[in-house]
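Chemist: My questions all concern the structure below.
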Amino acid sequence: MSSTSSEAHTDGGNAGRQTAPSAAQSKRSGFSGADKPEYADYSRCVHCGLCLNHCPTYRLWHEEADSPRGRIRQIALVDEGKLALAESFVEHIDRCLDCRACETVCPSGVEYGKLVEFARAQIETNYRRPIASRVIRDLVYRQLLPFPRRISIAARALRLYQRSGLAPLARRTGILRLLGLRERERLLPKIDSDFFFNELGRLYPAHTARRARVAFFAGCVALVTFSELNRATIRVLQANGCEVVVPESQRCCGALAAHAGVRDVARELARANIAAFTDGHFDAIVTNAAGCGSTLKEYAHFFPADDPNHARAQKFAATVRDVSEFLDDLGLVAPMRPVPLRVTYQDSCHLAHGQKVREAPRTLIRAVPGVELVEMPLADQCCGSAGVYNVTQTKASLELLALKMDSVRQTKAQAIVTANPGCILQLRAGSAIHGTGQEVLHVVELLDRALAPQGW
Amino acid sequence: MKFAAQRLNRIHHGAGFAALHAALAICRERRIVWLPLVDAPERRDYSAEGYSRIKAICAAKMNAKLLHDLKELLGPDAVLHRPEELMLYEYDGSVETARPDCVVFPRTTADVEGIVRLAQQHKAPLVGRGAGTGLSGGAIARHGGIVTSFARMNRILEIDAENQIARVQPGVVNSDLSAAVAHLGLHFAPDPSSQKACTIGGNVSENSGGPHTLAYGVTTNHVLALEVVLPTGELLHLGNSALDSPGYDLTGLFVGSEGTFGLVTEITVKLTRLPEAVKTLLAIFDTIDDATETVAEITARGITPAACEMLDGWTIRAVEDYVHAGFPLDCAAILLIDVDGLREVTEVEAAEVEDVCRVHRAREVRVARDARERDLLWKGRKNAFGAAGRVSPSYYTQDGVIPRTKLPATLRRIGEISRKYNLQIGNVFHAGDGNLHPIILFDERNQQQFRDTVAAADEIIAFCVQAGGSITGEHGVGMEKDRLMPLIFSEADLSLMQSVRGIFNPEGLLNPGKIFPDSKGCGEIYARPRREGAAPSARQS
C-alpha cells in the first residue's frame, strides 16, 4: 500500500513526503491476537486494479469497497488504525464470496483468501454481531458442523420436513415468505434417504490391479446430502484401480468455519483430520469437494511456523488431491460407454482459483465418449454458492446465479458439470428457478455414468 | 456559515492561519461556496502542515445541499459520501493519493449532464474515473470534489461489424470489447497492460498505448467520435463515423486531455481486423546492449513488428515466479517480438527478425508454437508491473520516451542511477517505440528511500529529455508529472495549452491540479503555500 503524499511532487520536489508519517500511523491497529492479516501479506497489493473486472461482487456493484483491491485497502486501513473495525468494514468483508478469482489474476501474488479469512477471524473476535446472527453462527459453526451425529439428527429433522408434506404446505401458506425464507428454502439441499455413515471406516478394494491406495475424504454436510456422489466417487476410483479407505475418525474439514472466521473450531478440526489420516500410508487423500480440498491443502495456515503441527499440516496437505486432479494424473483405465450429452463446465472457484486446477476436470469430461464439452463465457466466475453465501447474502447470490444461468443458456448444454457439492446445489436451484432445465452433475458422476453397466 | 466558523476556530490556529484566510478570501471571490461539513483528519497526514489545513477546510467538504441534490438525481445507491467509502477512492494504480468529497455513479448521459450541472452550481471540482488503473493519478481528486465513476456506464451500445465500428459507454472494459467482437474476427487494438481491467473511457482520457502501439498506434488512432458533456453542461458530439471529418479535429483534441476538457459519455471506436497470422518470438540475450542494438537494427531493416518489448534480467526473474512461461532466469535481457499480418509475410519477417537477433549474439531465439504459448509469453509481459509487488512493498513505474537509437546509452545511465541511489530498478519497456518503463522498488515506510526514488525517477526523465525524448509515453501527465512539463515545453507552449483548456473548462472545475504545473481554479489556492516553500526547480514563477 502506498500511502504517500498526494502533493509530494509539487511540494518543492520531495519535501512533502517528509511529513507523511503522522498521528494516523501511531494510531492503534484495529486487529489483535495472532490470527490477523499481516503487513507482509497485504502490502504485496500494489493497487494496480487488475483484479477488479474479475471480482464477481465488483462486477455486480462496481464499487471499490466491494472489490479485492478495496477490501485489501480496508484491511490495511483497519490495521493502521484509520478505519474502525465496525459495520462498514464487516459489511464489505462479509460480502466477499472468498472465491479467490482475484488471486488468479493478481500479478503480485497477493494471497487474498488468506487475508480475508484472517480479517473474518478478527471480526469474529473483535466485533459484536446482532444477537440473532450470533446465535445462528454459534449453532452452525460450533455446535453442528464439527459433530457428525448432530448433522445426522438435523438432517433427519429436515428430511421429515421435506418428505412429510410440510414443505409444500409451508410454501403454499406463505409462511416462508413471512419469515423471509422463501428464496433460501429453494436453495436447501435435498436430504438423502440413505446417509453416508455406514461407509465410514470401510475399505473398498480396487476393481483392477491396484494402482494406488487412497483415503477418501467424505465431508460433513455431504454425508447426508451427497452420499450418492460419495459412492460414485468411490466406484470411479475403484474402477480405475484404486484401493479406497474411508477413515472412520475423519471430521468436517473446517472450511466453512475458517471462511466465517471461526478459526479455533477450524483449527481443532484440522488437528483431528491430520490425526485421522496420518498413519494409513496413502498415496493420496482424495476429496470430491473443491471447497474442502482447498482448505485441506492450506491446513498449514492454521498453525504458526514454529508449531509442530505446522510441519504435520504441510505433510498432510502435500498428499491431498481433488478427485479430478488425482484421476487425471493417474490416468483413466476403466472402459467407458458413450454418454451422448452436450455439457458445459462450471469451474468451481476453490478448484480453479484456490487449487489452480483448471484443465484436469475438462480433460476427464472430454475423455467420456459421446460427451461434447461446450465452454460457457466466464466459466470461472463464481455461481454465487460460495459456501454459505447463498444463505447469508441471498440477494447477491441469486443475482450472480442469474448471470451464470445466462452464460449457461448460451451454450445450449443439456447438463452443467462442476466439481463441488456447493456449486451443484446452487446450479440445480438455478436450473429450476430459471427454467433452463439442465441437469447438474459432478465430474465423477459423469464418469460414473459412463462406467455404469446399464443405461440410466 | 456558523458551523463553518466553528470548525475554523477549532481546526485553524497557528502557522496556517494567515494562509487559510487568504485561501478563504479567494474561495469567496470565486464564489466557491461549499462549506465544511465533513472533517477529514487524515488529510492532515498528507503534507506540509499549514497547507494541509487549508486543504482540510477548502476541499474536504461537501455541501449538504449538493449531496442531497445528487442523491435526488441519481438515487441513494449511486452516491458515496461517508469517509470510509471515500477512503477507497483516494488511490488509483499510481503512488498518488487524495480523498474526494463524494463519488457518484451515473448510468446515462443524462445523469452525467445532471451531475455536471450540480457541480457547476456548487463550484465543486469534478473528476472522471474509470477503473482506477491509471499510473499518473489522473482519476484522483487532487483537490477533493466529486469523483464521477463511469464503472456502471458499461454497456456496448452498438457493434457494426461491416463498417468495423463500435459505439460504447465509457465504462466498458477494454478487453471486454475485444472479447465481444472476437467472433467477428475483430478487436479493439489499443492494449494497455491493464487491458483486462481498464476502461475505454480511461483509455480515451489518457490516450493510452500498449505493446502493440508500435504497429497499431495509440488510442487516438482508434477513436472516431465522442459524445462529451462540457463543464458548462453542454452536450457535444465530436467527430463522426467517417474516417476523416471536416473542420477541426476536436475528437483528437479531446483524446488525451486527461479529463480536463469534459466528461466523455459515449465513444465510437474503430475495430481492427485480427491479423491472419501472428508469430511471437522470444529472443534471449546475455547483455542488455545486445538486446537494445537488436531493436535498432530490426527497424533499420525496414521491419515494423506489431510489438517489440524488452524485459531486463531482474524483471524476468520477478515475472517468471508468477507466470512460469519458461523465461530463463540467468539472462540479462529478453526481447518479445510479435510480427503479424498475412501468413506469408509473417513467415518472412519472423525469419528476418530471428536473423537480426542471432547477428547480435542472441543466446537463443524461441518461436511460440501455438496460441497458448503466445498468451503465456505475453502474460509475462503484461503482468510485469504487478509482479514487482511480489518482491517489494511498493514500486514506482516511470514512463519516459527516448529515440530508440538511444536505448543502449539510456539503459546504461539507468544502471548508473540505480547504483548511485542504491535502488533496485527493473526495466520493462516498449523497445520498438523507445517507451521506457523503469520500475523503481522502494518501501514506503522508509521516507529517505522514497525521496531517493523520486529523485532517481527525475534523473531518468531528465536524461530522456536530454536524449531528445519526452517525459511520458503513455501514462499521461496527471498529478505525477505536472512539475516536469517545463522540461519539454516553453512557457508560451504551456500558456497556449492552458488557453485551449480554458475554452472548454474556463473555471478549472474539471480535474483541477492536473497536467500543468500551475493550475487554475481552486488549485491555485493550494499552489500558493507551495510556492512559498522550496520552489521546485522545474516550476516557473
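Chemist: Exactly one of these conditions fails for B:Ala151: (1) assigned to a helix (DSSP H, G or I); (2) touching a residue at least 12 places away in the same chain (Cβ under 8 Å); (3) under 29 Å from B:Tyr216 (Cα atoms). Give me its number.
Modeler: Of the numbered conditions (1) assigned to a helix (DSSP H, G or I); (2) touching a residue at least 12 places away in the same chain (Cβ under 8 Å); (3) under 29 Å from B:Tyr216 (Cα atoms), the odd one out for B:Ala151 is (1).
Chemist: Here is a further query. Considering only residues that are touching a residue at least 60 places away in the same chain (Cβ under 8 Å), of a type outside the set (D, E, K, R) and assigned to a loop (DSSP other than H, G, I, E, B), look in the range A:202-215 and name the one that is surrounded by the most Cβ atoms within 10 Å (Cβ to Cβ). First the steps, then the outcome.
Modeler: Step one: filter the range A:202-215 for residues touching a residue at least 60 places away in the same chain (Cβ under 8 Å), giving A:207-208, A:211-215.
Going one step further and asking which of them are of a type outside the set (D, E, K, R), we end up with A:207-208, A:212, A:214-215.
Remaining after also requiring assigned to a loop (DSSP other than H, G, I, E, B): A:207-208.
Details: A:His207: 17, A:Thr208: 12.
The qualifying residue surrounded by the most Cβ atoms within 10 Å (Cβ to Cβ) is A:His207.
Chemist: Looking at the range A:409-456 only, could you name the residues that are among the polar types (S, T, N, Q) and either touching a Ser or Thr at 6+ places or on another chain (Cβ under 6 Å) or without any contact (Cβ under 8 Å) to a residue 12 or more places away in the chain (or both)?
Modeler: A:Thr411, A:Thr418, A:Asn420, A:Gln426, A:Gln438, A:Gln454
Chemist: Please determine, by comparing only the residues of the range B:488-509 that are closer than 24 Å to B:Gly473 by Cβ and touching a residue at least 60 places away in the same chain (Cβ under 8 Å), which one is farthest from the other protein chains (Cβ to nearest Cβ).
Modeler: Among them, the one singled out is B:Val500.
Chemist: Are there helices (runs of 4 or more DSSP H) fully within the range B:330-434 with at least 1 residues that are among the hydrophobic types (A, V, I, L, M, F, W, C), more than 30 Å from A:Cys51 (Cβ to Cβ) and assigned by TED's automatic domain parsing to the domain that holds B:Thr287? List them.
Modeler: Ranges flagged: B:343-359.
Chemist: Quick one: A:Gln410 ticks every box in (1) surrounded by fewer than 24 Cβ atoms within 10 Å (Cβ to Cβ); (2) assigned to a loop (DSSP other than H, G, I, E, B); (3) of a type in the set (S, T, N, Q) except a single one, so which number is it?
Modeler: Condition not satisfied by A:Gln410: (2).
Chemist: Across the range A:90-114, which residue is surrounded by the most Cβ atoms within 10 Å (Cβ to Cβ) among those that are hydrophobic (A, V, I, L, M, F, W, C) and over 22 Å from B:Ala318 (Cα atoms)?
Modeler: Looking at the filtered set, the residue picked out is A:Cys99.
Chemist: Could you tell me whether B:Glu297 is more than 26 Å from the chain's Cα centre (by Cα), surrounded by fewer than 18 Cβ atoms within 10 Å (Cβ to Cβ) and part of a helix (DSSP H, G or I)?
Modeler: Details: more than 26 Å from the chain's Cα centre (by Cα): yes; surrounded by fewer than 18 Cβ atoms within 10 Å (Cβ to Cβ): yes; part of a helix (DSSP H, G or I): yes.
So B:Glu297 passes the test.
Chemist: Restricting to the range B:99-130, name every residue that is under 26 Å from A:Leu85 (Cα atoms) and touching a residue at least 60 places away in the same chain (Cβ under 8 Å).
Modeler: B:Asp101
Chemist: Going by the conditions given, is A:Ala154 part of a loop (DSSP other than H, G, I, E, B), over 21 Å from the mean Cα position of the chain (by Cα) and on the phi < 0 side of the Ramachandran plot?
Modeler: Taking the combined requirement at face value, the residue does not satisfy it.
Chemist: Restricting attention to the range B:215-254, report how many residues are part of a loop (DSSP other than H, G, I, E, B) and at positive phi.
Modeler: Number satisfying all stated conditions: 3.
Chemist: Tell me yes or no: at least one residue of the range B:216-227 is over 19 Å from B:Gly130 (Cα atoms) and either buried (at least 23 other Cβ atoms within 10 Å of the Cβ) or hydroxyl-bearing (Ser, Thr, Tyr) (or both).
Modeler: Yes, that holds for at least one residue.
Chemist: Can you name the condition, by its number, that B:Thr133 falls short on among (1) in contact (Cβ under 8 Å) with a residue 60 or more places away in the chain; (2) out of contact with any His (no Cβ under 8 Å at 6 or more places or on another chain); (3) closer than 26 Å to B:Leu235 by Cα?
Modeler: Going through the list (1) in contact (Cβ under 8 Å) with a residue 60 or more places away in the chain; (2) out of contact with any His (no Cβ under 8 Å at 6 or more places or on another chain); (3) closer than 26 Å to B:Leu235 by Cα, B:Thr133 breaks only (3).
Chemist: Right, something else. How many of the residues in the range B:319-340 are among the small types (Gly, Ala, Ser) and in contact with a strand residue (DSSP E or B) (Cβ under 7 Å, 6 or more places away or on another chain)? Explain how you work it out, then say what you get.
Modeler: Taking the range B:319-340 as the starting set, the residues that turn out to be among the small types (Gly, Ala, Ser) are B:325-326, B:332-333.
Next cut, in contact with a strand residue (DSSP E or B) (Cβ under 7 Å, 6 or more places away or on another chain) only: B:332-333.
Final tally of qualifying residues: 2.
Chemist: Considering only residues that are part of a loop (DSSP other than H, G, I, E, B), within 11 Å of chain A (Cβ to nearest Cβ) and not acidic (Asp, Glu), look in the range B:437-472 and name the one that is surrounded by the fewest Cβ atoms within 10 Å (Cβ to Cβ).
Modeler: Among those residues, the one meeting the criterion is B:Asn446.
Chemist: For the range B:426-436, state whether one or more residues are farther than 30 Å from B:Pro305 by Cβ and surrounded by 19 or more Cβ atoms within 10 Å (Cβ to Cβ).
Modeler: no
Chemist: Considering only residues that are more than 9 Å from chain A (Cβ to nearest Cβ) and within 25 Å of B:Phe385 (Cα to Cα), which ones fall in the range B:171-198? Quick ask: steps written out before the conclusion?
Modeler: Residues of the range B:171-198 more than 9 Å from chain A (Cβ to nearest Cβ): B:172, B:174, B:177-178, B:180-192, B:195.
Those that are more than 9 Å from chain A (Cβ to nearest Cβ) and within 25 Å of B:Phe385 (Cα to Cα): B:Val172, B:Asn174, B:Leu177, B:Ser178, B:His187, B:Phe188, B:Ala189, B:Pro190, B:Asp191, B:Pro192, B:Gln195.
Chemist: Which condition number in (1) out of contact with any Asp or Glu (no Cβ under 6 Å at 6 or more places or on another chain); (2) farther than 17 Å from A:Cys423 by Cα; (3) among the polar types (S, T, N, Q) is the one that A:Gln346 fails?
Modeler: All conditions pass for A:Gln346, except number (2).
Chemist: I'm checking my understanding of the structure. Among residues of the range B:120-150 that are away from chain A (no Cβ under 14 Å) and buried (at least 24 other Cβ atoms within 10 Å of the Cβ), which one is farthest from B:Pro170 (Cα to Cα)?
Modeler: Keep residues of the range B:120-150 that are away from chain A (no Cβ under 14 Å), which gives B:120-124, B:126, B:128, B:146.
Checking which are buried (at least 24 other Cβ atoms within 10 Å of the Cβ) leaves us with B:124, B:126, B:128, B:146.
Values: B:Ala124: 22, B:Leu126: 16, B:Gly128: 10, B:Ile146: 17 Å.
Looking at the filtered set, the residue picked out is B:Ala124.
Chemist: Is it true that B:Leu88 is modelled with pLDDT of 95 or more and either basic (Lys, Arg) or surrounded by fewer than 22 Cβ atoms within 10 Å (Cβ to Cβ) (or both)?
Modeler: For B:Leu88, the condition - modelled with pLDDT of 95 or more and either basic (Lys, Arg) or surrounded by fewer than 22 Cβ atoms within 10 Å (Cβ to Cβ) (or both) - is not met.
Chemist: Shifting gears a bit: Tally time: how many residues in the range A:42-56 are within 7 Å of chain B (Cβ to nearest Cβ) and in a loop (DSSP other than H, G, I, E, B)? Give the steps one after another, and end with the answer.
Modeler: First, pick out the residues of the range A:42-56 that are within 7 Å of chain B (Cβ to nearest Cβ): A:43-50, A:52-53.
After this cut, where a residue has to be in a loop (DSSP other than H, G, I, E, B) as well, the list is A:43-50.
Of the residues in that region, 8 qualify.
Chemist: If the requirement is being surrounded by fewer than 19 Cβ atoms within 10 Å (Cβ to Cβ) and either modelled with pLDDT of 95 or more or of a type in the set (Phe, Trp, Tyr) (or both), which of these qualifies: B:Leu157, B:Leu186?
Modeler: Result: B:Leu157 is the single residue among B:Leu157, B:Leu186 that is surrounded by fewer than 19 Cβ atoms within 10 Å (Cβ to Cβ) and either modelled with pLDDT of 95 or more or of a type in the set (Phe, Trp, Tyr) (or both).
The values are calculated or read from the model by the stated rules, or taken from the named source; none is laboratory data. Just so it is clear, the structure is predicted and the values come from calculations on it, not from any experiment. Note: ideal-geometry Cβ built from the backbone for every residue, glycine included; neighbour counts use all protein chains shown.
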